[in-house]
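Notes follow the structure.
Every number in this text was worked out from the coordinates using simple rules, so none of it is lab data. Note that the coordinates shown come from a computational prediction; the quantities given were computed from them, not determined experimentally. Note that each Cβ is placed from the backbone with ideal geometry, even for glycine, and that neighbours are counted across all protein chains shown.
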Amino acid sequence: MPRDLAVTEDPAAGFDLVLRPGRGRRQPPVWIASPRRPATGARPLAVIHGISRDAGGIAARLAPRAAAQGRVLIAPLFTAEDFPRYQRAACGRRSDRALLTLLDWLAAEGSIAPGAVDLAGYSGGAQFAHRFTWMHPNRVARLTVAAAGWWTFPEAAPFPRGFGPADAAPAEAARWLRANLRAFLDREIAVAVGRLDDAPDRTTRSSPEIDARQGPDRLTRARRWTLAMRAAALRLALPRRPTLTVLPGCGHDFHACADAGLDRLILPDAPCAAARPEASERRTPA
Amino acid sequence: MITIPTLQAKWAFSTRRVARADAVALDRDVAAARPGDLVLARIERIGSHKRLQLASGAHSDLWEGDLVVAACGDRYAADQFEGRGEIAPEGCDLLAGGGLLGWIESRHARVSPPTRLVPLGRPIDREGVALSLDRYARPRPAPRRPAAVIGVVGSGMNAGKTTAAAALIRGLVAAGVRTAGLKATGTGAFGDLQAYEAAGAAYAADFAEDGLASTYRIPAPRIVDALDALLGHAAAEGCEAAVVEIADGLLQPETAAFLAGPGAARVGGWIYAAGDALSALGGLEVLARTGIRPMALSGLLTRSPLAMREAEAASGAWVMSRDELADPAPAAALLSEVRALREGTPSERAA
């Protein structure tokens, strides 16, 4: 078994950051930021990278705030070789199962507490995170999703645009999402996007169907998805509603978004507080 | 005053809850034994059952002359024996490998004659009371249930019910749900409980926990009562979900009574395990008569992709293989459906 690669040994950092090697397609490599003063009962946070696959950069950016709350942060790395379409979660290589295997492994060896984690994702990571939580609602306590390129909507369009039948493997994925809609929505879900992330770029997925339903850019798509999920929550008589936060002054850039308040959305000051029903859109959190 | 040779005997799996030190003497009136009573017997002739499941779960080869302590009880097994839990002084039969004694009423043509025993007596305590399983039932828990109860019922013996139940337990555990594996009817066997535990069940038990040797010819209210106890224990163990296996086939008397009676109300959703596509269709019709529409089909038929396609095309039902049941994503979806059914809340599931 390859050893962990220690990255941060600064005594003042308040945490230790290591890169743990993976085990091929079964278990991805993972960055682990362990607080030197762990808080009892604090839920672990898992953060999923975007298509640039900068898991280490995301972990390093959020680790100080997680450590200040006594929380373990993990950032798995879905490599292009092993998980080329990890964003879909229910892809052929089943990136969702790989994350479950990783979480179980880390819990078994004591690196994280057993039970549900908080999950966050940026860009392609937000795609993964919302589909993962939808498929495995018992494994995620709180969800933060930012700047997804496109979303799965609670309607009959073929998966992954919706939870209708699709040719994508596994064929039953859409059925899982349909059954789990209530369980998925019955949690705190925070959606975020940069105010300037309002124009398609070369990585923005585009098709007539996606553009017509979801809009041309990530800002529009985040708004429409949040509205659709809030409507679904209302239809299911759920007390919680997903919230949308538009981050001022930033485009499609994780670090700029983090500086603009995404870090506080992912790691709020009261991390385990119950969600309050709020307006469907708000500006940067205080 | 230990006057009986029970210390040298092989104590069968059916007696696993018994405090052996209570057995201090023997009552020779074996004909008085009733289902659930313990009987000490000597192996006279090895037949169909060549091994005995011990209280530990291990198998022990049987030899002529072995002393065995087992429970008297009825047996229903269409692929093996039908037997009655009565003991004749001149001899009795081993009806099940888990340790069930009685006499054979019928047997499957492919099965050898049963292992034959000479009953020596009923173990009794210092007060002269015959030891019986119900005396060792686990104390009754508070009347609670796990939030989600999923039943597994099948077309018959060896239709793949235990495999389906264990796979679903595995999927639910992987989905982050603390899950119990329970067997509500049938004959106690270590293999079933071991399969549940191996799949990750936080609590695995059968009706023996409530003092029953088997459930054949046991009145339906008593079976439901035992299930309530098991569900209560599961809830006390912190289980959020329970997978409940119902033994044998839909036409088995206790299974049919369970499905048509209040027992079915304990179950929030059903998996139906069938041996082939036609028995899948027939079983769905039988279940429909009791108002049950299973969430999914599974069982032995799913080992054949062709049979799966046949069953899916003919029934329109969701046919789930062992691997799919063990997958946390569809397992979580089944759990969501059960919760929606229980709460009477709107479901997004397609018709």
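Details
- Judged by the mean number of other Cβ atoms found within 10 Å, the most tightly packed of the peptides B:37-44, A:127-134 leads the ranking A:127-134, B:37-44.
- Percent of alpha-carbon pairs separated by more than 21 Å within the stretch A:26-166: 37
- Each peptide in B:141-152, B:164-175 receives the mean, over its residues, of other Cβ atoms within 10 Å, and ordering these scores from highest gives B:164-175, B:141-152.
- Residue-wise HN-Hα couplings along the stretch B:125-140, as the Karplus relation 6.51 cos²θ - 1.76 cosθ + 1.60 with θ = phi - 60° gives them from phi, are 8, 5, 8, x, 8, 5, 6, 9, 4, 5, 5, 9, 4, 5, x, 4 Hz; Gly and Pro carry x.
- Springs between Cα atoms under 10 Å define the GNM used for chain A, and in it the highest mean-square fluctuation of A:ALA116, A:ALA12, A:ALA141 occurs at A:ALA12.
- In Å, descending, principal axis extents of the Cα set of the stretch B:148-343: 43, 37, 34
- Fewest-first ranking of B:ASP79, A:ASP118, B:ASP228, using other Cβ atoms within 10 Å as the exposure measure: B:ASP79, B:ASP228, A:ASP118
- Mean separation of Cα contacts under 8 Å, 6 or more apart, over the residue count of the stretch B:6-133: relative contact order %: 36
- Per-residue HN-Hα couplings for the stretch B:147-155 [Karplus 6.51, -1.76, 1.60; θ = phi - 60°; Hz; x = Gly/Pro]: 4, 10, 10, 10, x, 10, 10, x, 6
- Each part reduced to its alpha carbon centroid, the stretch A:34-59 and the stretch A:158-229 end up 24 Å apart.
- Rounded Å value of the spacing that divides the Cα centres of the stretch B:189-256 and the stretch B:152-168: 13
- Neighbour-count order for B:SER60, B:SER155, B:SER132, fewest beta carbons within 10 angstrom listed first: B:SER60, B:SER132, B:SER155
- When the alpha carbon coordinates of the stretch A:1-94 are projected onto the principal axes, the ranges are 41, 25, 23 Å, largest first.
- Per-residue packing, averaged as other Cβ atoms within 10 Å, sorts the ranges B:197-208, B:280-291 into the order B:197-208, B:280-291, beginning with the highest.
- Tail weight of P(r) past 17 Å, computed on alpha-carbon pairs of the stretch B:1-135, percent: 52
- Considering only B:ALA331, B:ALA260, B:VAL243, and ranking their Cα positions along the charge dipole of the stretch B:148-343 that arises from unit charges at the beta-carbon of Lys, Arg, Asp and Glu, the one farthest toward the positive end is B:ALA260.
- Distance cut-off 35 Å, percentage of C-alpha pairs in chain A lying past it: 11
- Global form of chain B, assessed from the alpha-carbon gyration tensor, a/c cut-off 1.5: prolate
- For A:VAL72, distant residues with modelled amide H under 5 Å away: A:LEU45
- Counted charge near A:ALA116, where neighbours are those whose Cβ lies closer than 14 Å (Asp, Glu -1; Lys, Arg +1): +1
- The base-10 log of I(q)/I(0) for the protein assembly as shown, evaluated at q = 0.10 Å⁻¹, reads -0.91 [Debye formula, identical scatterers on Cα atoms, solvent excluded].
- Counting only other chain Cβ atoms within 10 Å of each residue's Cβ, the peptide A:171-179 averages 6.
- 222 nm mean residue ellipticity, helices alone, for chain B (DSSP H n ≥ 4; -39,500 (n - 2.57); rounded to 500): -8000 deg cm²/dmol
- Per residue, chain A reaches -9000 deg cm²/dmol at 222 nm when only DSSP H runs of four or more residues are counted, each adding -39500 (n - 2.57).
- Here's the picture: charge each Lys and Arg Cβ at +1 and each Asp and Glu Cβ at -1 in the protein assembly as shown, and of B:GLY99, B:GLY151, B:ALA174 the one pushed furthest to the positive end of that dipole is B:ALA174.
- Computed about the Cα centre, the dipole magnitude for the stretch A:29-106 is approximately 240 debye when only Lys and Arg (+1) and Asp and Glu (-1) carry charge, each at its Cβ.
- Test item: A:127-138 mean partner chain Cβ contacts at 10 Å: 3
- Positive minus negative residues near B:GLY232 (Lys, Arg vs Asp, Glu; Cβ under 15 Å): -2
- Three-way shape label, the stretch B:194-272, alpha-carbon gyration tensor, a/c 1.5: prolate
- Near A:ARG94: Cβ cut-off under 12 Å, other residues only, Lys/Arg at +1 and Asp/Glu at -1. The net charge is +3.
- Spatial separation of Cα centroids for the stretch B:294-339 and the stretch B:81-119, in angstrom: 37
- Backbone amide hydrogens, once placed in the peptide plane, bring A:PHE15 within less than 5 Å of A:ARG36, excluding anything fewer than 5 places away on its chain.
- Which of B:LEU131, A:ALA116, A:ALA237, positive extreme of dipole for the protein assembly as shown (C-beta unit charges): A:ALA237
- Diffusion coefficient, µm² s⁻¹, Stokes-Einstein with Kirkwood Rh over alpha-carbon pairs of the stretch B:281-332 at 25 °C and 0.890 mPa s: 212
- Neighbouring partner chain Cβ atoms per residue of B:331-343, average, 10 Å criterion: 5
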